[in-house]
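Inspection log for the structure reproduced underneath, given as structure tokens.
The values are calculated or read from the model by the stated rules, or taken from the named source; none is laboratory data. Note that this is a predicted model, so its numbers are computed, not measured. Counting neighbours? That spans all protein chains shown, and the Cβs are built from the backbone with ideal geometry, glycine included. SASA here: full protein model, heavy atoms, side chains in, ligands and nucleic acids out. Shrake-Rupley method; radii C 1.70, N 1.55, O 1.52, S 1.80 Å.
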Amino acid sequence: MPFDQAQLLEQIAQIQQRIDQAAQRSQRDPTSVRLIAVTKTHPMLRVNAVLAAGIHDVGENRVQEAEEKIALQTPEAVAQTRWHLIGHLQRNKARRAAKLFSLIHSIDSLKLAEILNRIVDEEAAVIPQPLPILLQVNVSGERSKDGFALAGGVRNPAWHDFVAEVRAIAELPLIDLQGFMTIAPYSDDVEGVVRPCFRALRDVRDALEQQLDRPLPELSMGMSGDFEVAIEEGSTFVRVGTALFGAR
């Protein structure tokens, strides 16, 4: 099916309206929520289209795919684009990721954060310091999900160990811990399953701000099917692909 730029613009306008309405329902400033256009498996044409439409936050799941797309960008487009890694980061790709992405959403261990901290030191000429990251936290308990295992959030028996790891990450000198990311279960039970997941991550963030005595402002929560609920629970980044481009 041919790509329709006019249809994309309409989709963006509709999604932005839904973002604004969800923010207003929760008495938040709509500008506090940023839309990340998830372009994984989509051609460079789609990336150029969202940039032309005024969206500058672009999300990719794989380092290699982002690398290939960035290589096709003009210097002007590179300067305008904030690339987000939203998929699992393997340790052997950490160096490439640190050079490519404005924000890595999926740090899932102290060890990986330590590796990135060392890489930033070694690559000081090409990697901005400190490197912005989010910690991915699996608050749903699903085995299929990556992230720090913390089912139920602050009520999990592993909470104190988790706090110790987060504290160690926050103290890494070349890492800028900005907040947390999670993925809610795919479920039609919004109030019983989806919302509690987002609320649990918000509670984790709030508790850690007190424990560490520092702001952790970013919450990356919500995708095409649940971003409005995520915004109501405090999300600052929503990761939207299907609702923009249709099913792959």
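Some notes on this structure:
- Long-range amide H partners of ASP176 with built H, under 5 Å: LEU131, ILE133
- Distant-in-sequence amide contacts of PHE148, defined by a placed amide H-H separation under 5 Å and a gap of 5 or more residues or a different chain, comprise GLN136, VAL137, ASN138.
- What a 1.4 Å probe finds exposed on the range 185-248 is 46% carbon and sulfur by accessible area, rounded to a whole percent.
- Neighbours of LYS93, meaning other residues whose beta-carbon lies under 11 angstrom from its beta-carbon, give a summed charge of +4 when Lys and Arg score +1 and Asp and Glu score -1.
- Placing dummy labels 7 Å off each Cα toward the beta-carbon, the span from ASP20 to GLN210 is 3.6 nm.
- Ignoring lysines fewer than eight residues from LYS69 along the same chain, the ones with Cα atoms less than 24 angstrom from its Cα are LYS40, LYS93, LYS99.
- Under 5 Å between amide hydrogens, built in the peptide plane, is the criterion, and for SER106 it picks out LEU134 among residues at least 5 positions away or on other chains.
- Remark: the range 198-208, residue by residue, has Karplus-estimated 3J(HN,Hα) of 5, 5, 5, 5, 4, 5, 4, 4, 4, 5, 6 Hz, where x stands for each Gly or Pro and the curve is 6.51 cos²θ - 1.76 cosθ + 1.60 at θ = phi - 60°.
- Residues of the range 105-223: accessible area per residue with a 1.4 Å probe, Å²: 46 Å²
- Value of relative contact order over the range 60-169, rounded to a whole percent, pairs C-alpha under 8 Å and six or more apart: 20 percent
- Spin-label proximity, ARG143 to the range 69-96 - amide N less than 15 Å from point 7 Å beyond Cα toward beta carbon: none
- Förster radius 22 Å - calculated FRET efficiency between GLN5 and LYS40 (Cβ-Cβ, nearest 0.05): 0.65
- Taking the empirical scaling 2.2 N^0.38 Å for compact globular proteins as reference, the range 1-82 has a Cα radius of gyration ratio of 1.20.
- Accessible area (Å², per residue) of the range 2-80, counting only protein heavy atoms and a probe of 1.4 Å: 53 Å²
- Over the chain: helical MRE at 222 nm, DSSP H runs n ≥ 4 each giving -39500 (n - 2.57), nearest 500: -12500 deg cm²/dmol
- Sorting 144-153, 19-28, 219-228 by their mean Cβ neighbour count within 10 Å, with the most densely packed peptide first, gives 219-228, 144-153, 19-28.
- Charge tally in the Cβ shell below 13 Å around SER109, where Lys, Arg are +1 and Asp, Glu are -1, SER109 excluded: -3
- ³J(HN,Hα) computed for each position of the range 143-160 - Karplus, 6.51 cos²θ - 1.76 cosθ + 1.60, integer Hz, glycine/proline x: 5, 6, 8, 7, x, 4, 6, 8, 4, x, x, 5, 7, 5, x, 8, 3, 5
- Area accessible to solvent at LEU100, 1.4 Å probe radius, in Å²: 40 Å²
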